[in-house]
Every structure is written in structure tokens, then in C-alpha cells.
RNA sequence: GGGCCGCUAGCUCAACUGGCAGAGCAGCUGACUCUUAAUCAGCAGGUUACAGGUUCGAUUCCUGUGCGGCUCACCA
């Protein structure tokens, strides 16, 4: 009848034929009594009884096997896959023809029928009646190999989710992680809040921002690079325990570990310091792992990682000493440190400031080795403009980052609450900005004013949900845990 | 931004040293009332990412462009 080779054309033609015959291919509703999973469970529960359960359920046709006047097919909904069995002598000649000629793989079907077990043991619906719920115009990816083309998987994630089961599991795991985190924090009296994404001054991290413009206000606004300064305003306002899970935006390079928009969890707790934040991190990660994975051990890229507290704690000073034999305290300025690096012919990029150079040494020689969960403590002051000084070490601040599976996962400090010190730090950053550091923290007078009203001693913490999801799902690329990762827009359709 | 690799039918992949662009699944026609990667017989399906160049002849070699992957740089 139809001799066109294009599958979309063929399906469009079927659609027209159906409409001409009075069949609406996109009806408004179909009421189900059971999901696929519920139907399967209902049958198991009823086994041994006389009457098999009758169910109305619906799903997408994922496989069809026609054998003359009887057909098997599998339908899939969000809960499971279930087999259906259509017989001409059960549904009638006309209806059976409609099934064979009107339906294609991928179409949605609603069925009603009784459950039984086939000879091979599969619980199946013997269909008494059925109807089309939605016609598909494009063929689905292939049933054995699924969809492997990475670009198509990201650009058309719906196809990836549809045919690649592990992908579905990954994103379900991610959502469960976030749910478990909320529960953990809520139970401890933390209040979930929402702060602005559009900010007149960006801050709270070192990164270049996205800029946008509000037409009516005729004002440039920045997409936030972190939530920090607004959450700390809430601490000033007397909300002693707050957290936010939200999207941050950084106008930087894209890699397997960086997406321009990513999700961060930030937590602030009054009357706490960075030691308390370490306990919070290890307890939270452990609880989430137990809840979501059912264990505190996970495998990441071939490494076994144990999240059971307590985690290892090491100062940045000790970690670098161990890895490079450099005692950074003996080289307290950038020139002598450069000199020492040269003497040892270490392969690290030269950085303009002491703190950045220390960090570079750390990134190069220490971080990749941090497979088991590790807190690295006491960072250089000049790269930490929002953290409180260490009382006994004026070049350092009470700050830690933590690492799992070699990934940098999060950052925390005893928050700087001295408004005069904060102003000095911003002035330092201003100099770095003038020296061409595009990621230096901008001066924020409104933040200093808030601090002058008084902020209690506070511990603050931020960590990347995406990186955590990578670890929990053993994904090597951040794009595997972001439903729609940022890609270059493709010209045309 | 640099380097390396990839782009062939709707999907997954072949095509030797430059010599007729092919298979499986999906599709179409037919057979088949317990199949499950159903089976059997037949048919159709291509701007080889795009634009140039070399050549009698280019999927193949060269140049450029686009998109993607990995990686380096960058990124607390």
C-alpha cells in the first residue's frame, strides 16, 4: 500500500489512515488500574486463587512479535516492562487487524485484560481490549545495542533514557541522593532556603561569571557563581542553620569534571567552625551512601572507596611535604618557593602568588592520590578571602577541601565574620584583579555592611552534587550525571 | 585555545593498498494462535557530516569548516 521508504512518512500515512477510520491517535486520557509493576505484583499475590486479576494498564510498545493470528508484545511504563498477548479470537478480527496495521514500535497503548503465566513462565496480560494512546512518528533506536552515539545521547537524552537502562538508574540514583540529603539536614534542624540566582555583585568563589541584563531596571546582573554571601546574610538574620541546593553558573572551560551550570549544596551553621563541618560532611555522605547504595563502600573507576567515618585529615602543609619534600613554611614567599621548585625540578606551572603556587603544587602532586575520603586542612590566606584566619598561623585560614576518588568534592571554612578583616581581604583581591586575575573576588560593600551588623561564629560548607553523583554512579564524566549537559548549539534543526 | 581520534541507511557497525558502498536490527510484502534478540521467504532503504583539492576513479589520500569524544592548558 505504502511504498515510501522513509519510516516517518510511513507512520504519518498510518496516522492519516487511522484518523480517516475514526480513530483518534492522541486521546486525552486512559484510566489505568495498575502500573506495570503493580500488575506483576498483583498476579504474584493472586497465584493459587481461582480468578486471575484483570488489569487496565498502559505503556510504550518496546517489542512486537507477530505470529499470524496471535501476537506477543512488551510494553514499558515508568515502573517496569510487562508482556501482553493478543489473540484474534480474543479481541476480534477487526481489532486484531488494527493492532497489526496501526501500531508501530514506540507507540503508546492502553490495554485491559487478565493476567496469566505463559509456558515459559512470564507473567503476561491476555488482552481483551486495547486502544492507541499516542502514535510515534520516528523510529526508536535499535533494541539490542541501544543508543551509543554520545552526542545523540546528550542532545536527545529522552532516547538515551528510553533505551539505556543504566542511564535511567544513574539519574534515579542522583535524585535519591538529593532526597536523602534533604532528609538528613532537615532532621538536624537545617532550614532549606532559596536565594537569588540573579545578583548585582557575584561572589563567594573564584570564577568568571555570566552576565545578563534586566531591561526594565536597565541593570546588568550576574548569574550566581555561588550562594555563599546570601546564605551568610541569613545567618546574620538569625536563621542559624540554613542550606540551599541550587544551580551555580561559572563562565569557564567545559571538561569531564566541569559543566558551566552545576548543582551545589551549601550549608551554614551558626556557632560552628570548620571542624564541625568536617563531621557534618562525613556523616552526611555516609548517611546518603547507606540510604541510596545500601553500603558505605563504593567503587569509583576501579578504586574501592570507603566512606565510613572518620575520614583522614591532613594539613595542606603536611600533604605537600609528604608528596614533594617541600616544607612550604620554609619558603614563605613566592620567589623562594619558585626557587625551591626549580631546584627539585618539579613539573608545576609557575603562579604569580604564594597561595596560588602552593595550591598548584597540591593539585599536581597530592590531589590525584587522594582516593580514600580525605580532608585537606588549612589553606593559604591569599586564595581564601572569605575564610577566618588561623589564630596561630597568620598566613593560613581555617579552611578545608575534601577529596574522594581523586575528585575535588567540596570546600568549607570557619567563616570570616570580622568586617574590618573582610574589607582588607577584598582590597587584596582588588589588587589581584588589577594584576589581571579575572577570577579575583570583587569588592562587595553591601556584604561588608551586612557583616558590620554582626555575624556569629559560623561554619560553612559547599559541595558539588554532580561530582558526588559521579562517585555514587561510577561515572567518569560529569555529563553522565547531568540530564542535559551544556553542548555547543547545533545549527539547523 | 592546543594535540589526538571520530562522523558511512532510522539505530549498531563493515568496506584490504584508492577500484561496483554492505550486514544485523528497525521498515515494507507474504506465511505463522505460547513468543521473548521469535522464526521463515522476498523487497526497499545512502548527498559516506559539509566545502574544496589530487586522481581515469575518493568512504578511503590532502586542505579547510562543522559537531562530538578523549587529553593538555584553563578551572580554589
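Below, the figures for the structure above:
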item	result
The range A:346-493 shape via C-alpha gyration tensor axes, a/c threshold 1.5	prolate
Angle between chain A longest axis and helix A:93-102 axis [Cα atoms, degrees, rounded to 10]	40
Helical mean residue ellipticity (222 nm; -39500 (n - 2.57) per DSSP H run of 4+; nearest 500) of chain A	-10500 deg cm²/dmol
Nearest 10 degrees, 0 to 90: helix A:419-434 Cα axis against chain A principal axis	80
Angle between chain A longest axis and helix A:165-187 axis [Cα atoms, degrees, rounded to 10]	50
Additional length obtainable on full extension of the chain from residue A:252 to residue A:349, 0.36 nm per residue less Cα span	33.0 nm
Chain A: relative contact order in percent, alpha carbon pairs under 8 Å with at least 6 residues between	12
Whether chain A is rounded, prolate or oblate, judged on the alpha carbon gyration tensor where a/c under 1.5 counts as rounded	prolate
Prolate/oblate/rounded label for the range A:210-284 (Cα gyration tensor, a/c 1.5)	oblate
Highest to lowest packing among A:350-363, A:402-415, scored as the average C-beta count within 10 Å	A:402-415, A:350-363
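Here, each number is a calculation from the coordinates, and none is a lab measurement. Quantities reported herein were computed from a predicted structural model and do not represent experimental measurements. Heads up, the Cβs are rebuilt from the backbone with ideal geometry, glycines too, and the neighbour counts pull from every protein chain shown.
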